[in-house]
Every structure is written in structure tokens, then in C-alpha cells.
1. If the Cβ limit is 6 Å and pairs must be 6+ apart or interchain, which residue in region 70-92 that is farther than 19 Å from residue 137 by Cβ and touching a residue at least 12 places away in the same chain (Cβ under 8 Å) pairs with which residue that is part of a loop (DSSP other than H, G, I, E, B) and of a type outside the set (Lys, Arg)?
2. Looking at region 21-38, which of its residues are in contact (Cβ under 8 Å) with a residue 60 or more places away in the chain and either part of a helix (DSSP H, G or I) or not acidic (Asp, Glu) (or both)?
3. Looking only at residues that are of a type in the set (Gly, Ala, Ser) and within 16 Å of the chain's Cα centre (by Cα) in region 73-94, which one is farthest from residue 30 (Cα to Cα)?
4. Only residues that are under 18 Å from residue 137 (Cα atoms), of a type in the set (Val, Ile, Thr) and either modelled with pLDDT under 95 or in contact with a helix residue (DSSP H, G or I) (Cβ under 6 Å, 6 or more places away or on another chain) (or both): list them for region 12-42, please.
5. Return a yes/no flag: does region 142-150 have any residue that is of a type outside the set (A, V, I, L, M, F, W, C), at pLDDT 95 or above, touching an Asp or Glu at 6+ places or on another chain (Cβ under 7 Å) and in a helix (DSSP H, G or I).
6. Can you confirm whether residue 132 is crowded, with 19+ Cβ neighbours inside 10 Å and closer than 27 Å to residue 81 by Cβ?
7. For residue 9, state whether it is touching a helix residue (DSSP H, G or I) at 6+ places or on another chain (Cβ under 8 Å), among the β-branched types (Val, Ile, Thr) and assigned to a strand (DSSP E or B).
8. Quick one: count up the residues across region 39-88 that are closer than 20 Å to residue 20 by Cα, assigned to a strand (DSSP E or B) and of a type outside the set (Phe, Trp, Tyr).
Amino acid sequence: MKIGTDSMILGALLHKSKFKKVLDIGSGTGVLSLMYAQQNKEVDIISIEIDQLSAEELKINFLNSPFKERLHSVHGDFLTYSFETKFDFIFSNPPYFESDLLSFKKNKNRVRHNLTLPVDLMFKKIDSLLEINGFFQCIIPVHLLLKYEMEAKKVSFFINEKISIFAKENKLIRYILIFSRSQNIVIESQVVIRQDNNQYTTDYIQLTEEFHGKSL
């Protein structure tokens, strides 16, 4: 499977606690779920994807995975699907490009815009599904930070950890955020992906080497 940089870096930085019940929202083809199942040998993951073609590939990828007994794919809308359990940990590489022009392809609209997963409704649904001491983790573009903070606070979620992701030394492109219901001092760190010569940084290589089939 082709793995995008967002998924690669979020997957490598997913919360390291040994959670048992985990939900992957907007799983796509299952990259994040597969990465987390590789790291956590005890976890049971439900991965939900609204797009039919992606959901079909998700199912196939799980069936072909060595972790298939712990991976469960769902084709459905996260906002309306009735889950039978609550979760210790929820993660997502959510839709974005809210202010961009809509693309002409319907399924691309679904993936890249908040048409199917508005931030406010997403947090309300997460609030109903997350165990009292659970965590929610996501990766977002820089311009959405305040919106995520605002919508999270409406359901009494607070940022516990913020990881700044730089494409290069002075080019901030993403935040990885970890939310919980506990309001603590925010732990901050950063990852720089490439050097000025466009080669991957040592930190990025070490962070992601477990998931690469070959050296970077």
C-alpha cells in the first residue's frame, strides 16, 4: 500500500499506551490501523470508512494482514453508525481543506472536505464513544488548530499533547493533537521531516523506520 506522509507520521506517533479497544475514524485503506496493530499486540481495532471503494480495499487489506483477528472493517458513516462498545482510544486522519474549492469528483470531495465529517459533529460523536479516561488523537493542517480547540472544549475535551510537524526547518505544515477530558499542561514537541537538501532527517528516519520496507 502507498502510505502518505500524514499517515506515516501519525501512525508512528500514535499514543503508546496499551489500549484494548480502539476506533479508527475515516480509515481509508487501513494504513493507520495496520500500523497500530503492529505496535500494540493486544489491541482490537474497529476501522470505519464511508467511501465504498476505500472500504472494499480496507476489508481486503485486513483479511491479508497477519493481525486480521484483531482488525474489523466497517463500511459506514461514523456520525450515524451505531457502535456496540465504547473505546479507550480513538484516532483519525480527518477530512480537511474546508475552505478550498470543491473538486469535481464526489468521492474526493468526501475525503478532502468536511462534507461528511464536520468538526463539531465529530467531537460530539467522539464524546459519546470515548471512555471517561480515553484519548483522541488526530493530525490536522495548521490553520485548523483553533477550530479543533474550540469544538473540543464544547464537549470538555482538552489538548494534552501537541506535536508540530515541519516539512523543513521553518515550514510548519501539520499538528498532531492528543485530546482527553483532563486539562493539564500541554506537552509540546516537534518533528522535522526533511533537511534543506531535501533528504529525510535522522529523526524522521528513526521515527518511521519500523514501517518502511526499505531504507529511506
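The values are calculated or read from the model by the stated rules, or taken from the named source; none is laboratory data. Small disclaimer: the values here were computed from a predicted structure and weren't measured. Don't worry about glycine lacking a Cβ; one is built from the backbone with ideal geometry, like all the others, and counts go over all protein chains shown.
1. Taking only residues 6 or more apart or on different chains, the pairs are 77/50.
2. Answer for region 21-38, where residues must be in contact (Cβ under 8 Å) with a residue 60 or more places away in the chain and either part of a helix (DSSP H, G or I) or not acidic (Asp, Glu) (or both): 21, 22, 23, 25, 26, 28, 32, 35, 38.
3. This residue is 92.
4. If the condition is that a residue be under 18 Å from residue 137 (Cα atoms), of a type in the set (Val, Ile, Thr) and either modelled with pLDDT under 95 or in contact with a helix residue (DSSP H, G or I) (Cβ under 6 Å, 6 or more places away or on another chain) (or both), then 31 is the only one that fits.
5. no
6. In short, no.
7. So residue 9 does not fit the description; no.
8. 10
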